[in-house]
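Shown next, in structure tokens, is the structure this report addresses.
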């Protein structure tokens, strides 16, 4: 059987399964893992992506293949969404059952000086940062551990750009810049 015939038969089967469950269109088990769905979708894409057959099919045939492929792509996205939501629901259910997930936030190598008369531990200040600023802050900590003061300054400046309201980050930057000034 030629590739053209195989793709057209596949497309007709998929179009005929209008309203079918995502796992049926992907030709996988209902309880399949996300990586199995991805592998199935990639296999279909290698065989039946409309761009692969643009020059070998008539306009009507290409429209059928495109419709079938779009349904399979939508089914894959639906399957992924279902799996992601069920994974989140399990995580919440586990948390409700008493399983506690803790997140350790590393501290700077030295605590920042007091801010406006109050002492704020590094973990509390970093917990109040935006998630993007926290990523840069952690990269700055890694740079400090390696002894790369200039890299730490750059990462702290990026953190401040992500969270301009953070006095903690500005204080940490000032502290590192003092250290940079001390180095010959």
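The values are calculated or read from the model by the stated rules, or taken from the named source; none is laboratory data. Predicted model, so just to flag it, every value in this text is computed and none were measured. Note: ideal-geometry Cβ built from the backbone for every residue, glycine included; neighbour counts use all protein chains shown.
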Counting only residues in segment 118-163 that are outside any helix (DSSP H, G or I) and touching a helix residue (DSSP H, G or I) at 6+ places or on another chain (Cβ under 9 Å), the one modelled with the highest pLDDT is identified as 148
In segment 1-35, anything surrounded by 11 or more Cβ atoms within 10 Å (Cβ to Cβ), under 25 Å from the mean Cα position of the chain (by Cα) and under 14 Å from residue 75 (Cβ atoms) is listed as 22, 23, 26, 28, 32, 34
Scanning segment 44-86 for residues that are part of a helix (DSSP H, G or I) and over 21 Å from residue 18 (Cα atoms) gives 46, 51, 52, 53, 59, 83, 84, 85, 86
